[in-house]
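Working notes, structure below.
The values are calculated or read from the model by the stated rules, or taken from the named source; none is laboratory data. Remember, predicted model here, so these are calculated numbers, not experimental data. When we count neighbours, we look across all protein chains shown, and the Cβ atoms used for this are built from the backbone with ideal geometry, even at glycine.
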Amino acid sequence: MYEWHKQIQIIVNEIDECIKNRNSEAITLRFLSRKLGYSEFHTTRKFREISGMQFRDYLRHRKLAFALKEVRDSERSILDIAFDYGFSSHEAFTRAFKGTYGVTPSEYRKKPMPVALRTKINLFDRYFFGFGEIGMIKSADDVNIYFVTIPAHKFLHIKNYESNGYWDFWQKQSLIPGQDCETICGLLDSIKGKLDDDGGSEANGGSGQIMAYINDPDGRLCDWGIARTECFGVRLPFDFKGEVPPQMLMIDVPEAEYIVFEHGPFNYEQENRRVEEKMERAMATFDFADTGYCFDTSPGRIIYVYHDPERFLKYIRPVQKFVSSITTINK
């Protein structure tokens, strides 16, 4: 079965590339089926079996997701955008747009609101299937460690008090109506102005969506000996005034100092586990001597995790000024 997951993932990746390059002619079932060496019937059946949706429905919703962002962010005419994404007319695009998002493109442009976009599906993940790493290559990049001051901002998120890691988080969230991965990632993807948005469309992959842990006495005790609540969301400017989806939480995060543990690009399939272990060791063994700081584990402080193997893996942990017992006694 996992071999077919890999094959369908090739189609999914090709679809996004063709949409980005405005190459709608190449996004046909016939073209993609021939690329895999299978019949159209067999490919479409497997696509539906594995992804849970028809090929044509997935393609239409991905086109609309790309088009919505252009409606939101550009001043191009609705008709030009419609043609670019393969719609035959202004009317056809408007019908599809309203049928999916509940508003017309013109209405959305005037008043953008959070809507659940169809994010790129990830059907093949070695860790999800329990295969672990393949091959053996040596990483040339070590963990870089540095301090930063992060300005005040807002954090829009959902959270789970019991989850333990990314996959477990989404498995638990899927049991809560409106909190499943597809809905939440789609809503977050539609929000304009995310501080970490580099134009990507996958969670933790340049779309501004990140995992986080909030120090919380009511949360789950982690390996660091800290009670924390696992979260998923986006950082937004402190003056953000947009609409907050009803199933999400918004908190203010004041300006503060953090320590960053950063690993450079790595091969996800071959190195992810070892890179994670290397990062854990770096954080556990870091010597704060002569820095004047220590980890800040006080309630409410946030740890951000950026996992984008093509660029980096970063843990951004809050710190506070260290006050020695000798200094306290002398005072």
Selected residue [touching a helix residue (DSSP H, G or I) at 6+ places or on another chain (Cβ under 6 Å) and either in the same structural domain as G178 (by TED's automatic domain parsing) or not in a strand (DSSP E or B) (or both)] from E271, E230, E277, E257:
E230
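If you check I176, I191, which single one turns out to be β-branched (V, I, T), surrounded by 18 or more Cβ atoms within 10 Å (Cβ to Cβ) and modelled with pLDDT of 90 or more?
One residue alone meets the criteria, I191.
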Between K154, K98, which is closer than 30 Å to Q247 by Cα, charged (D, E, K, R) and either modelled with pLDDT under 90 or buried (at least 17 other Cβ atoms within 10 Å of the Cβ) (or both)?
K154
So, of the residues in the range 273-331 that are at positive phi and among the small types (G, A, S), which turns out to be modelled with the highest pLDDT?
G300
Kindly indicate whether V234 is hydrophobic (A, V, I, L, M, F, W, C), closer than 24 Å to E182 by Cα and either out of contact with any Gly (no Cβ under 6 Å at 6 or more places or on another chain) or surrounded by 13 or more Cβ atoms within 10 Å (Cβ to Cβ) (or both).
yes
Restricting attention to the range 209-245, which residues are acidic (D, E), under 20 Å from W167 (Cα atoms) and modelled with pLDDT under 85?
D223
